[in-house]
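Peer 1: Could you have a look at this structure, given as structure tokens, before my questions?
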Amino acid sequence: MAPVAMRSAARSLSDAQPVPFWLEDPGKPGAVPALTGTEKCDLLVVGGGYSGLWTALLAKEREPDRDVVLIEGREVGWAASGRNGGFCAASLTHGFGNGLARWPDELTTLERLGERNLDAIEAAVARYSLDCDFERTGEIDVATEPHQLEELHEMYEAARRLGLADGLELLDRDAVRAQVDSPTFLGGLHDRRGVAMLHPAKLAWGLKRACLDLGVRIFENTPGLELVSLGAGMGVRTPYGRVVARRVALGTNVFPSLVKRVRYYTVPVYDYVLTTEPLTDAQLASVGWKNRQGLGDSANQFHYFRITADNRILWGGYDAIYPFGGRVSAERDHRPETYLRLAEHFFRCFPQLEGLRFSHAWGGAIDTCSRFSAFFGTAHQGKVAYAAGFTGLGVGATRFGADVMLDLLAGEHTERTELKMVRSKPLPFPPEPIAWAGIGITKWSLARADENGGRRNLWLKAMDRLGLGFDS
Ligand SMILES: Cc1cc2nc3c(=O)[nH]c(=O)nc-3n(C[C@H](O)[C@H](O)[C@H](O)COP(=O)(O)OP(=O)(O)OC[C@H]3O[C@@H](n4cnc5c(N)ncnc54)[C@H](O)[C@@H]3O)c2cc1C
């Protein structure tokens with residue numbers, strides 16, 4: 001980075017609060033009390049992010065008399081669900097390209113189920129009055145390099161051949177810059193219906209309230225410490241008590257699973273985000289953005305960006321940091337060198353906003369699995385179900401994961417449970433130091449590919465053949 005650009009990026013960060021912008025909202029609800037003593041229930045849900053909250057809510061919708069308890073180790077929505085970019089996508093496969101590469105035969109079904117899932121989220125937002133700034137404005141994937149433009153054209157053609165191009169539109173340079181203006185944009189692919197923007201923490205808090213209203217008993221600051229089989233049911237020990245349940249659903253994401261064998265399928269990858277102060281009318285006019293879509297660039301190391309309800313720009317991505325040993329730790333939630341890089345990239349993208357300052361800077365752990373899309377399963381003779389591995393696209397897909405967990409726990413064969421994606425597992429990550437070395441070489445190769453017209457080296461080609469990958 002040139003010294004001048006570095007100095008100006010540093011200045012723009014000098015007032016940035018090191019907390020997720022979303023979690024500072026004055027509407028944040030207080031925590032409900034922790035569990036003490038013994039609770040009995042039909043279904044115990046572990047985890048108070050979207051996975052757990054949707055599971056509890058959908059369980060009640062399916063069977064209103066079902067007695068449902070949810071325990072959350074800290075506060076509902078504090079983790080990925082309260083600190084993400086707020087892109088709520090229909091895709092269940094971490095994007096069309098990844099779905100096409102892995103499940104070409106069932107992609108039309110996956111896309112249909114994904115669209116239905118996003119429609120159901122939109123309907124739930126209306127039905128439960130979830131005040132989460134939900135705006136189905138779509139997303140534009142922008143090309144900032146000529147080879148990315150070609151890739152977007154190929155993607156569009158592939159979608160068209162499968163009859164999945166409804167709502168997709170290729171934009172040339174002028175058309176994309178008429179939507180959102182950056183001198184770096186060469187063109188884009190606009191998905192008008194497949195993505196909504198929302199306030200992630202307010203979605204989690206709204207789901208918490210909807211669950212409570214339907215009679216779900218929620219206990220915060222209540223980590224599940226141990227899971228044991230108890231005859232026909234299961235028991236979960238907590239610091240001040242325990243829960244005895246007929247069935248258990250684990251929505252614990254990147255945190256160590258209570259089913260130990262599941263731990264090998266995911267690694268934490270830290271992703272970082274900035275938000276600016278609110279833009280003035282003149283600043284807004286200089287970038288356009290009237291239609292409030294989300295955007296992402298098409299590099300392997302990509303940025304995602306969007307506008308908030310109060311007209312800040314959220315700008316995240318690029319660095320995807322894997323910590324040696326794969327441990328989740330609060331220390332990693334901040335990375336000043338990444339904030340500097342993100343700020344410098346921001347002003348390269350929007351030079352007309354020079355002088356704008358960042359209000360918040362934060363990071364969080366993503367549960368990356370080697371196929372980038374969720375996996376599902378059961379343990380303890382079908383009494384326990386889990387869904388994890390959403391990687392960087394779980395805001396929408398976790399609701400689908402919740403439905404799958406409920407299908408599995410009910411022993412039902414549904415269109416969802418018959419999917420190859422649901423019946424198969426990703427390749428697990430190897431132990432250290434092999435994981436560290438492998439991820440390091442992959443990241444290095446992806447960065448080189450971005451600089452070399454997208455050309456993938458032998459290592460990436462070998463990984464592609466094995467179906468192994470690394471993404472955020
Ligand atoms: C910085 C960042 C940006 C992202 N941006 C996007 C985006 O724009 N779009 C998108 O689709 N996805 C995005 N993601 C991913 C998305 O946020 C996640 O896929 C999604 O929130 C996962 O929800 P979850 O409920 O599975 O996990 P979480 O939100 O992590 O919730 C899991 C919960 O389980 C609790 N828990 C864990 N273990 C236990 C236990 N033993 N007992 C009790 N409680 C336990 C944790 O405390 C936590 O609250 C992003 C993620 C990050 C970190």
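The values are calculated or read from the model by the stated rules, or taken from the named source; none is laboratory data. This structure is a prediction, so every number in the text was calculated from the model and none was measured. Here the Cβ positions follow ideal geometry from the backbone for every residue, glycine too, while neighbour counts run over all protein chains shown. Remember, those area values only see protein heavy atoms, side chains included, never the ligands or the DNA or RNA. Shrake-Rupley method; radii C 1.70, N 1.55, O 1.52, S 1.80 Å.
Peer 1: At 7 Å along Cα-to-Cβ for each site, give me the label-to-label distance between R327 and L230 in nm.
Peer 2: 3.2 nm
Peer 1: Something else: Give me the accessible area per residue for the chain, probe 1.4 Å, as a whole number in Å².
Peer 2: Value returned for the chain: 41 Å² of accessible area per residue.
Peer 1: With an 8 Å Cα cut-off and a minimum separation of 6 or more residues, compute the relative contact order for the chain in percent.
Peer 2: 23 percent
Peer 1: Where the centroid of each part is defined by its Cα atoms, how far is segment 403-470 from segment 95-155 in Å?
Peer 2: 19 Å
Peer 1: Follow-up. Which lysines have a Cα less than 23 Å from the Cα of K383, not counting those fewer than 8 places away in the same chain?
Peer 2: Those lysines meeting the cut-off are K40, K60, K260, K420, K425.
Peer 1: Tell me which residues come under 5 Å, amide H to amide H, from Y322 once H is placed; ignore anything under 5 positions away on its chain.
Peer 2: Y270
Peer 1: What residues of segment 341-382 lie in the reach of a label at R261, counting those whose backbone N is under 13 Å from a point 7 Å from the Cα along Cα→Cβ?
Peer 2: 377-382
Peer 1: Further question: Going by average Cβ density within 10 Å per residue, which order do the peptides 233-241, 123-131 take, highest to lowest?
Peer 2: Result, highest mean Cβ count within 10 Å first: 233-241, 123-131.
Peer 1: Let me ask you something else. Which far-off residues, 5 or more places away or on another chain, put their amide H under 5 Å from the one on V19, with H placed in the peptide plane?
Peer 2: A361
Peer 1: Shifting gears a bit: Subtract the Cα-Cα distance of E154 and T36 from 0.36 nm times their separation in residues, and report this length gain in nm to one decimal.
Peer 2: Going from the current span to full extension adds 36.8 nm.
Peer 1: Still on this structure: So what is the 222 nm mean residue ellipticity for the chain from helices alone, if each DSSP H run of at least 4 adds -39500 (n - 2.57) and you divide by all residues, rounding to the nearest 500 deg cm²/dmol?
Peer 2: My calculation for the chain gives -10500 deg cm²/dmol from helical runs alone.
Peer 1: Just subtract the alpha-carbon distance of E415 and T378 from 0.36 nm times their residue separation and send over the number in nm, one decimal.
Peer 2: Using 0.36 nm per residue and subtracting the Cα-Cα distance, I get 11.6 nm.
Peer 1: A follow-up question, please. Please list, in order, the residues from segment 307-331 whose amide nitrogen is less than 17 Å from a point placed 7 Å along the Cα→Cβ vector of T184.
Peer 2: 307, 313-320
Peer 1: If we sort 140-146, 225-231 on the protection proxy, mean other Cβ atoms within 10 Å, highest first, what's the order?
Peer 2: Ranking the peptides 140-146, 225-231 by packing returns 140-146, 225-231.
Peer 1: So, with a 1.4 angstrom probe, what is the percent of accessible area on segment 359-472 that is carbon and sulfur?
Peer 2: 61 percent
Peer 1: Just want to confirm a number: the relative contact order over segment 399-472, from Cα pairs under 8 angstrom separated by 6+ residues, in percent.
Peer 2: Once divided by the residue count of segment 399-472, the mean separation gives 19 percent.
Peer 1: Using 7 Å Cα-to-Cβ label points, what is the V19/R465 separation (nm, one decimal)?
Peer 2: Modelled inter-label distance: 5.2 nm.
Peer 1: Net charge around P200, counting only other residues with Cβ within less than 12 Å of its Cβ (Lys, Arg = +1; Asp, Glu = -1)?
Peer 2: With Lys, Arg at +1 and Asp, Glu at -1, the neighbours total +1.
Peer 1: Additional query: At R246 and E169, where each label point lies 7 Å from the Cα along Cα→Cβ, what is the point-to-point distance in nanometres?
Peer 2: Result for the modelled spin labels: 5.1 nm.
Peer 1: Roughly speaking, what is the centre-to-centre gap between segment 259-278 and segment 299-355 when only Cα atoms are used, to the nearest Å?
Peer 2: Taking the Cα centre of each part, segment 259-278 and segment 299-355 sit 13 Å apart.
Peer 1: Ignoring ligands, DNA and RNA, please state the percent of accessible area on segment 216-308 from carbon and sulfur, probe 1.4 Å.
Peer 2: Using a 1.4 Å probe with all protein chains present, segment 216-308 comes out at 54 percent carbon and sulfur.
Peer 1: Right, next: Place the peptides 213-223, 328-338 in order of packing, highest mean first, counting for every residue the other Cβ atoms within 10 Å and averaging per peptide.
Peer 2: 213-223, 328-338
Peer 1: If contacts are Cα pairs under 8 angstrom and at least 6 residues apart, what is the relative contact order of segment 220-271 in percent?
Peer 2: About 25 percent, as a whole number.
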